[in-house]
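Let me begin by presenting the structure, written as structure tokens, before commenting on it.
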Amino acid sequence: MADQTNRAVGVDIGGTGIKAGIVDLDKGELVSDRVKVATPDGAKPKDVLVAVTEVLTRLGVEDASVPLGVAFPAIVKNGRTLSAANVSDKWIGFEAEKFFEDGLGRDIHFANDADVAGVAEVRYGAAKDQPGLTILTTLGTGIGSAMLYNGVLIPNSELGHVQRASAKKDAEAYAAYSAMERHSLSWSKWAKRLQWYYSHIEFLFSPDLFVVGGGVSKHADQFLPLLELKTPIVPAVHRNNAGIIGAAALSLSS
Ligand code: BGC
């Protein structure tokens, strides 16, 4: 590889897959293949560590020569995971950053998956130079959220868990991409659920921009035009790679 000083590795741990790549931090682009393994059943810490080790080995960066950022689908405060919606309960109150640092034998930066996707879109994508409040949501196994005010991240918003009182479910159980798959919904049926969700978030926060990430954002033209909102809503420029790019971008933070 040519100049490696501006490169970092991002690992994005999700409810169904663990994805990783080497990122050029000047351009905010992947400069390696994107490698992916399935999230182990039950997503227990020791199994997830084995899977993360595997993606690093497949990328040829297991030797700590390139900085590493790891994104995880839970509240992350001071290196501890404080919630577990689509992973094992063992992560609740767990010293996750230290666990990965000890297990991988290197320093890492560890953060919430949607927050790092928000950072990627602010630095290199749809929320760049965007004034006011941007809310990025990821539609996947769950719904993740990142709130960015004038480009600054307000970490650990959990807007996938706003409650849908009439259905006694939270938003992600009703409107995540996994709900569409689980119930074999058409795009228009799913869009009705998204309409409820984004209207509710719009009413609560009056954002200036919504950015939609997650794997399904590559099909944004199938559902975003069906939504009627006052707030502009656009797909994430980095689509499903935003988590990898954002995790890598934060790898140099303490
Ligand atoms: C978790 C969030 C996460 C989101 C997307 C939710 O269930 O609570 O922390 O960002 O899923 O993975």
> Toward the positive end of the charge dipole of the chain, about the Cα centre and with charges on Cβ (Lys, Arg +1; Asp, Glu -1), which of Leu209, Gln222, Ile143 goes farthest?
Replying inline: Gln222
> Given H placed 1.01 Å from N in the peptide plane, which residues other than close sequence neighbours of Ala74 have an amide H under 5 Å from its amide H?
Replying inline: Asp113
>> With a cut-off of 8 Å between alpha carbons and a minimum separation of six or more residues, what is the relative contact order of the chain in percent?
In response: 23 percent
> Counting only heavy atoms of protein chains, what accessible area per residue, in Å², does the chain have with a probe of 1.4 Å?
Replying inline: 44 Å²
> Once the Cβ-Cβ distance between Val234 and Lys46 is put in as r, and R0 is 35 Å, what FRET efficiency do you end up with, to the nearest 0.05?
Replying inline: 0.35
> Percent of accessible area on the stretch 85-190 owned by carbon and sulfur, 1.4 Å probe?
Replying inline: 51 percent
>> Taking the Cα centre as origin and putting +1 on Lys and Arg beta-carbons and -1 on Asp and Glu beta-carbons, what dipole magnitude results for the chain, to the nearest 20 debye?
In response: 760 debye
> So who's got an amide H within less than 5 Å of the one on Ala64, skipping anything under 5 residues away but keeping other chains? H placed 1.01 Å off N, in plane.
Replying inline: none
>> On a full-extension model of 0.36 nm per residue, what is the gain between Trp196 and Ile92, subtracting their alpha-carbon distance, rounded to one decimal in nm?
In response: 34.5 nm
>> Rounded to the nearest 20 debye, what is the charge dipole size of the stretch 129-236 about its Cα centre when +1 sits on each Lys and Arg Cβ and -1 on each Asp and Glu Cβ?
In response: 440 debye
>> Charges on Cβ only, +1 for Lys and Arg, -1 for Asp and Glu, centred on the Cα centroid of the stretch 3-117; of Ala74, Val11, Ile108, which one is farthest towards the dipole's positive end?
In response: Ala74
>> Under a crude label model (7 Å from the Cα following the beta-carbon direction), how far is Asp26 from Thr5 in nanometres?
In response: 1.0 nm
>> Ranking request for peptides 197-207, 113-123: highest mean number of other beta-carbon atoms within 10 Å first, then the rest in descending order.
In response: 113-123, 197-207
>> On a full-extension model of 0.36 nm per residue, what is the gain between Arg182 and Lys128, subtracting their alpha-carbon distance, rounded to one decimal in nm?
In response: 16.0 nm
> In deg cm²/dmol and to the nearest 500, what is the mean residue ellipticity at 222 nm of the chain if only DSSP H runs of at least 4 residues count, each as -39500 (n - 2.57), divided by the residue total?
Replying inline: -9000 deg cm²/dmol
>> If I histogram all Cα-Cα distances within the stretch 129-236 using bins 10 Å wide from 0, what percent of pairs lands in each bin?
In response: 15, 52, 29, 4
> Between Gln222 and Ala165, how many nm apart are label points set 7 Å from Cα along the C-beta direction?
Replying inline: 3.4 nm
>> Can you give the log10 of the normalised intensity I(q)/I(0) at q = 0.16 Å⁻¹, computed with Debye over equal Cα scatterers of the chain?
In response: -1.15
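The values are calculated or read from the model by the stated rules, or taken from the named source; none is laboratory data. In this text, all values refer to a predicted model and were calculated from it rather than measured experimentally. Because the Cβ atoms are built from the backbone with ideal geometry, glycine has one as well, and the counts that use them run over all protein chains shown. These accessible areas exclude ligands, DNA and RNA; they are computed on the full protein's heavy atoms, side chains included. Shrake-Rupley method; radii C 1.70, N 1.55, O 1.52, S 1.80 Å.
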